[in-house]
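Report on the structure given below.
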Amino acid sequence: MKQLNRTNVQANKYPERIIQFGEGNFLRAFVDWIIFNMNQKAGFNSSVVIVQPLENGMIDMLNEQDGLYHVNLQGLQNGEEIDSIQMIDVVSRGINPYTQNGEFMKLAENPDMRFVISNTTEAGIAFDPTCKLDDVPAKSYPGKLTQLLYHRFKTFNGAADKGLIILPCELIFDNGKELKKCIEQYIELWNLGEDFKQWFETACGVYCTLVDRIVPGYPRDTIDQILNRIQLEDKLVVKGEIFHLWVIEAPESVSKEFPADRAGLNVLFVPSEKPYHDRKVTLLNGPHTVLSPVGYLAGLDTVKECCEDLVIGQFVKKVMYNELLETLDLPKEELIQFANAVMERFRNPFVKHFVTSIMLNSFPKFKTRDLPGLKIYLERKGELPSGLVLGLAGIVTYYKGGKRGNDEIIPKDDQAIIDLLKELWADGCVKNVAKGVLGAEFIWGENLNNIPGLTEKLTGYLQMIQDKGMNETVKSIL
């Protein structure tokens, strides 16, 4: 079987007009798939240069395949089962700025460059004051982007038509505003001057977006059948559901330049993405974040298994319908309809969405996806939502490490969080673990021990998980 690359297959080449920070499964199965469709159906005529945001990543593997890979979309569309495979040809190359900083900075010198797209996880849009302008490169994503923008500003002498349209896809509310704030902080910290500040403000646009597609990633269980279908060796096949939604809070001028809606795609340009954001983050990502550790520690491996399990399935419904849904202000009928659709997506017969893939950076995810609902529920109902607190207990227990059967539990998160949990669990006292986790202001931005009853409730669930296991603990709240 031949290796997938541009020597062995015919693939289109387009001008490089998009810089993409992030080479992960989601961007490749969502944004790059959308750009592929825009090229095919709306004459967008653009390719993507992918920048690896962290020192270690998959850029080398991507370059070995000349930026080519396949997306396998599966699901129900208008009652019809879809199982499609497409070769995506929009990635021209990948750059590791830690080893190819010259190439990275040269991207700013390309007069055709127009868009920046990113997904560096919830933790990626953050201001790191230790970053310096002459770092090679800056450690943080906003720092790298500021370096790039400043180099572009100098290269083109502040030309107004050389600004960039920036579309962050990180799953935090007001992601565009948060990213812009970080860039402005670097402009001040690095004394980049009033002229650059004005150019950034007037020539560039940083827009809030909301993305929605479940992307399980590399299809370990069906890869042999897929390779047999495509008759090529592809190490970067990515599986996703057929459903997709991209909400972009931007003026009509941006939609004219980025014609996704004209390619028959579910891309909306709206005056405010907040209603879409609240609904999606609360009712899709919120349950995802807590069902994953709870289901995993109960012996389940996929989202579908969790939803169909007699015990964990009830837990998922409790969190979604009885807890999180109660914290939203949209009409209840509309919310129930959306929640029903989410449950259908969770049960997609084609998709094996492994819960371990969802548990990357679980603490920042719980902070943005579930903590707001926990607080609103307490305020409205006068009691803590037991499902969400148990979900947090599941995360804390998962981060203890150890084994589940023969599988090694290896949490992946910010090293400071990993170190904290290791230190807390070494003590062996679950009350100290609960107090230490809730009191970690560097995670939450506040001391969660101040939420009435939370320390005691979390301690109780942690102890019960240790004594009786996850299944019995879940049964106790149903």
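The values are calculated or read from the model by the stated rules, or taken from the named source; none is laboratory data. All of these numbers come straight from a predicted model, not from anything done at the bench. When we count neighbours, we look across all protein chains shown, and the Cβ atoms used for this are built from the backbone with ideal geometry, even at glycine.
Among the residues of segment 12-59, those that are closer than 18 Å to D112 by Cβ, part of a helix (DSSP H, G or I) and in contact (Cβ under 8 Å) with a residue 60 or more places away in the chain comprise M38, A42. Within segment 349-366, the set of residues being among the polar types (S, T, N, Q) and crowded, with 21+ Cβ neighbours inside 10 Å comprises just one member, S362. Can you find a residue in segment 318-332 that is under 30 Å from E408 (Cβ atoms), at pLDDT below 90 and surrounded by fewer than 18 Cβ atoms within 10 Å (Cβ to Cβ)? No - not one qualifying residue is present in segment 318-332. On inspection, L458 qualifies as touching a residue at least 12 places away in the same chain (Cβ under 8 Å), in a helix (DSSP H, G or I) and crowded, with 23+ Cβ neighbours inside 10 Å. The set of residues from segment 245-275 being buried (at least 21 other Cβ atoms within 10 Å of the Cβ) and either closer than 16 Å to G43 by Cα or not aromatic (F, W, Y) (or both) comprises V247, I248, E249, A250, F258, A260, V267, E273. Checking each residue in segment 114-170 for being at negative phi and among the polar types (S, T, N, Q) picks out S118, N119, T120, T130, S140, T146, Q147, T155.
Within segment 219-235, none of the residues are within 30 Å of T202 (Cα to Cα), of a type in the set (D, E, K, R) and more than 15 Å from the chain's Cα centre (by Cα).
A search for C-beta distances below 6 Å between a residue of segment 148-168 that is under 16 Å from Y186 (Cα atoms) and any residue that is not in a helix (DSSP H, G or I), counting only pairs 6+ apart in sequence or on different chains, returns Y150/L192.
Among the residues of segment 85-108, the one identified as acidic (D, E) and touching a strand residue (DSSP E or B) at 6+ places or on another chain (Cβ under 6 Å) is E103.
Is it fair to say N63 is without any contact (Cβ under 8 Å) to a residue 60 or more places away in the chain and either surrounded by fewer than 17 Cβ atoms within 10 Å (Cβ to Cβ) or in the same structural domain as V254 (by TED's automatic domain parsing) (or both)? The answer is yes for N63.
Restricting segment 205-237 to residues that are surrounded by fewer than 16 Cβ atoms within 10 Å (Cβ to Cβ) and among the basic types (K, R) leaves a set whose member that is modelled with the lowest pLDDT is R220.
From the list A426, A416, A393, the one residue that fits, being over 19 Å from P364 (Cβ atoms) and either of a type in the set (A, V, I, L, M, F, W, C) or more than 26 Å from the chain's Cα centre (by Cα) (or both), is A426. Out of curiosity, is A434 over 20 Å from I312 (Cα atoms) and either modelled with pLDDT of 95 or more or not small (G, A, S) (or both)? Yes: the conditions hold for A434.
Residue count for segment 94-124 under the criterion of being buried (at least 16 other Cβ atoms within 10 Å of the Cβ) and not in a loop (DSSP other than H, G, I, E, B): the result is 11.
Considering only residues that are in a loop (DSSP other than H, G, I, E, B) and buried (at least 18 other Cβ atoms within 10 Å of the Cβ), which ones fall in segment 192-204?
Going through segment 192-204, the residues in a loop (DSSP other than H, G, I, E, B) turn out to be 192-193, 204.
Within segment 192-204, L192, C204 meet the criteria.
The conditions of being modelled with pLDDT under 95 and of a type in the set (F, W, Y) are met by F173. Within segment 157-171, the set of residues being of a type in the set (A, V, I, L, M) and in a loop (DSSP other than H, G, I, E, B) comprises A159, L164, L171. The listed residues are D174, D212, and the only one of them that is at positive phi and not assigned by TED's automatic domain parsing to the domain that holds L284 turns out to be D174.
A search for C-beta distances below 6 Å between a residue of segment 95-109 that is under 18 Å from G24 (Cβ atoms) and assigned by TED's automatic domain parsing to the domain that holds P15 and any residue that is assigned to a helix (DSSP H, G or I) and not acidic (D, E), counting only pairs 6+ apart in sequence or on different chains, returns I95/F104; N96/I59; P97/F104.
Candidates are the residues of segment 172-191 that are among the charged types (D, E, K, R) and not in a loop (DSSP other than H, G, I, E, B); the one that is surrounded by the most Cβ atoms within 10 Å (Cβ to Cβ) is K180. Residues in segment 47-60 that are crowded, with 21+ Cβ neighbours inside 10 Å and either of a type in the set (S, T, N, Q) or outside the structural domain of N110 (by TED's automatic domain parsing) (or both): S47, Q52. Report yes if L148 is in a helix (DSSP H, G or I) and farther than 30 Å from L4 by Cβ, otherwise no. For L148, the condition - in a helix (DSSP H, G or I) and farther than 30 Å from L4 by Cβ - is not met. Counting residues in segment 443-451 that are assigned by TED's automatic domain parsing to the domain that holds L374, in contact with a Phe, Trp or Tyr (Cβ under 9 Å, 6 or more places away or on another chain) and surrounded by 15 or more Cβ atoms within 10 Å (Cβ to Cβ) gives one or more.
Of all residues in segment 5-41, those satisfying the criterion of being surrounded by fewer than 23 Cβ atoms within 10 Å (Cβ to Cβ) and among the small types (G, A, S) are A11, G24.
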